Amino acid sequence: MLTCGCSKIGDGKRKPMLGHLCKIKYIAYFYDKTIFDTSPNSGEGTVELYIGDISWPEGLWKGLQHMRKNERAKIRVQKMHAFGRIGEIDKLRFPRGFSTSEQDAERRAKLVSKAVIYEVTLVDWIVRFDMEANGLVWKQVIDKASKKEYELPNEEHDEFVYNMRVWQSPSESLIDAPTSDVEE
């Protein structure tokens, strides 16, 4: 399926999981070293993708699940977990120059029929959870709770603080909604 070889060990022990938003730098090429895709600025710019996003090759985000922050690795992906997967090929984000037009047909056929290699640097990730499993409501942990025991509300002070953020689309940023304090 895929193999992951580490060329620079990352920081810490934590690794991204399904649903987390990753920021990566990458260069993608065939086994004959022909480059077919890079992140912006010839692989030096970053791209954001969700672990589990079907618009990216499955082998890429599965490989990211085994990486730590600032780790650099080569992820070798077989064609069935890259661009040659059956059933969802129309949902994939193909690189520039691999469209469905007649002039790109030969290049696209090569991409669909070959295994690929991604040289990836996992710059960072954000812990996010899809609350309804439909992409409409996302939870992002901003401050973790203290490691003390859970404190139950009491009669004197029962307070609840929330911060609502609305996610417009994967290509747009977050919009802050007003923060409210509610006392009961």
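Label zone of D11 (point 7 Å out along Cα→Cβ, amide N under 17 Å): in the stretch 18-59 this covers 22-25. Residues in the stretch 97-111 carry Karplus couplings, in order, of x, 10, 6, 8, 5, 4, 5, 9, 4, 5, 5, 5, 4, 5, 4 Hz; the curve used is 6.51 cos²θ - 1.76 cosθ + 1.60 with θ = phi - 60°, and Gly or Pro positions show x. The tail of the calculated P(r) for the stretch 41-103, taken as Cα-Cα distances beyond 16 Å, holds 55 percent of the pairs. For the stretch 2-126, the Kirkwood estimate of hydrodynamic radius, built from reciprocal distances between every pair of different alpha carbons, is 14.6 Å.
With neighbours defined as other Cβ atoms within 10 Å of a residue's Cβ, the residues E58, E102 order from fewest to most as E102, E58. On full extension, the segment bounded by I89 and E48 gains 12.7 nm, given 0.36 nm per residue less the C-alpha separation.
We did not get these values from a lab; they are worked out from the coordinates using the rules stated. All values reported here derive from a predicted model rather than from experimental measurement. Virtual Cβ from ideal backbone geometry, glycine too; neighbours counted across all protein chains shown.
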